[in-house]
Amino acid sequence: MTHHEHPHPHDHDHAHTHARDVDPEALAATRAAADETVPDRDLSPSELSRRNLLRAAGITGAVTAGIAGMSGVTPAMAEGTRPSRGRGPGRGPRVWLAGDHHIHTQHSSDGQYTVLDQAQHAAAYGLDWLVITDHGGPTHARLGVDLVNPDIVTARQELPGTLVFQGLEWNIPSAEHGTVFVAPGRHEVAVLKQFENDYDGNVKGAAANEALAVAGIQWLGKQVDKRRVSDALFLANHPARNGIDSPHEIRAWRDADPRVAIGFEGAPGHQAAGLPAGYGPGSARGFYGNAQRPDSFAAYPPESYRTWGGFDWMTSTVGGLWDSLLAEGKPWSISANSDSHVNWSDTSKRPDGSTQAQFDADGRYGDPVYGGRVNLTAGDFWPGFYSRTHVGATSRGYVDVMRGMRDGRMWVDHGGLVKSVDVTVRSSGRGGTRSETLGGTLQTRRGSRLELVVRITAQDVPNWAQFLPQLNRVDVVRGAVDPLSAAKDRDRFTAPDTKVVRQWDTSGRTGTYELRYDLGVAEDPFYVRLRGTDGNRQQPGFLGAAVDPQGPAIDVVGSADPWLDLWFYTNPIWVVPGR
């Protein structure tokens, strides 16, 4: 979705804690403390103490069990709830499932394809799951949510090996767009429709504000608590594109209900937009060609309005906004997707008579027809053609994918750069050997030896651009954890204690191989994450070479061929030393 295509009305248990590990009394006390509808005078002394801790971290209002399950060093953990204590070999994800959570159809006013078109192409290009996310707004709320569901049900029947979720692209009140989706069930349409009518910024108009966005996320959590749906998730889309997702808003979404608000797009869709003129649009990669406007967060620099190696500036900057969120010890995941509307090199078109007035009346365009010219000016790729989000799950099911996403068991790549990435942090010492994988929190004895183990399987088949990608380098990013940093400044977007600590040259390596890095002894809490590249385009990171000696290069508007600049990123693993 380009900036000019969409008007913006700007006037289970949680991720890293198993239910059996949570003290029920502590959980109940945390819920009571987090519920601001209960006055201070009605709390017990321990509950009041707990509320003060939550206020210090800025996370009151998350009235569900998600508060007690947040990963890392959180107020809830300090008060006695327990994170994952690590696991032995073989207890990680049983299957990795590739998918895309941001896809449009003929039910979007700027879309074109049927649900089955998108789902069939996604399956053909290797995706296991996808989310249909047509634009929220008055027409979609009135007609589209209902109309798209039979098409989604048909796609599920026609493609039984592909998981097809129903969602929508939320106009986040006072901010950008976001994916909202729910697990299939008899109330999926009703929940999405009520959410859109009550909390969508375009629907609510002048009533839209930051508080309404927080209330919408909390409402989704309550639908899960009431068992109207088995699960619900929210991820912010293209967060830096217009500069209107301020740091404090992102923190407010995350803290509203951490079971629901789990992350943002590390890499936006519209990657084909960077293809040079002559065989592509010659535009800005991701359609990130904007500049500060009156409603933008004033402190964001001009460079934040461009992608860097195809990734959003909030993610691509080592020590930047994403790292500032992770440094608080709370989960916040990244994803990559297509944002497919109209796809590059396709030859279909909307049928005659397709107009905005027709769409507003019918809630959808007619099915696309073959026979148009080869479209070399479209900015999108088919789902799975270029961008993939890999989710570690216990099995191949809807709720399993959503649980894996919530757990942060995700890594993303462009252009099929690698076949697989497996990351583990292991500790050894008097407490025995423990390990944790992506998204997890490894709690270990202080003084234990720590090692990062990375297993890479090099790509051995050509990608959809018909060449075999070569991984040139893998980087380790490490950051210190300060759980009270958010309380110090809700609008901070740097993490001064985060930097690249190790670089491996992987050029020419084939097959499956291991990379090992000594993380030292466990002393203070920290996290690690990975990044890999084909090495074609790089420069010192936005915060300087001392922080990131060879990061992605800022993408040039009009000349940013996505196939010549491939990267992968992983979500983090936290380490929390104990006594």
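Extending 7 Å from the Cα toward the beta-carbon at both LYS349 and GLN550 defines two label points whose distance is 4.7 nm. When the label point is put 7 Å from the Cα of LEU147 along its Cα-to-beta-carbon vector, which residues of the stretch 100-127 have a backbone N closer than 19 Å? From the stretch 100-127, the list is 103-119.
For the stretch 393-474, just say rounded, prolate or oblate: build the C-alpha gyration tensor, square-root its eigenvalues into a ≥ b ≥ c, call rounded for a/c under 1.5, and beyond that prolate if a/b exceeds b/c, oblate if not. Here the stretch 393-474 falls in the oblate category. Summed over the residues of the stretch 405-483 and divided among them, the accessible surface reaches 35 Å² per residue at a probe radius of 1.4 Å.
Maximal additional length on extending the VAL399-PHE467 stretch stands at 21.0 nm, based on 0.36 nm per residue less the C-alpha distance.
Relative contact order, whole percent, for the stretch 471-579 stands at 33, derived from Cα pairs under 8 Å and 6 or more residues apart. Expressed as a whole percent, the accessible area of the stretch 110-256 that falls on carbon and sulfur atoms is 49 (1.4 Å probe).
Surface analysis of the stretch 493-579 yields an accessible area of 41 Å² per residue, using protein heavy atoms and a 1.4 Å probe. Toward the positive end of the charge dipole of the stretch 370-468, with +1 on the Cβ of Lys and Arg and -1 on the Cβ of Asp and Glu, the farthest Cα among SER448, ASN463, GLY397 is that of SER448. The fraction of accessible area contributed by carbon and sulfur in the stretch 310-372 is 51 percent, rounded to a whole number (1.4 Å probe; ligands and nucleic acids excluded). Measuring between alpha carbons in the structure, the pairs from LYS193/LYS499; LYS226/LYS419; LYS226/LYS330; LYS222/LYS330 lying more than 32 angstrom apart are LYS193/LYS499; LYS226/LYS419. Cα centroids of the stretch 510-570 and the stretch 200-256: 30 Å apart.
Calculated accessible area for the stretch 155-236 comes out at 33 Å² per residue, all protein chains present (probe 1.4 Å; ligands, DNA, RNA ignored).
For TRP219, what is the net charge nearby, where nearby means another residue's Cβ is under 10 Å from its Cβ and Lys, Arg count +1, Asp, Glu -1? Around TRP219, the surrounding residues sum to -1.
The values are calculated or read from the model by the stated rules, or taken from the named source; none is laboratory data. If you're wondering where the values come from, they're calculated on a predicted model, not measured in any experiment. All Cβ positions, even for glycine, are placed from backbone atoms using ideal geometry, and neighbour counts span all protein chains on display. Calculation scope for accessible area: heavy atoms of the full protein, side chains included, ligands and nucleic acids excluded. Shrake-Rupley method; radii C 1.70, N 1.55, O 1.52, S 1.80 Å.
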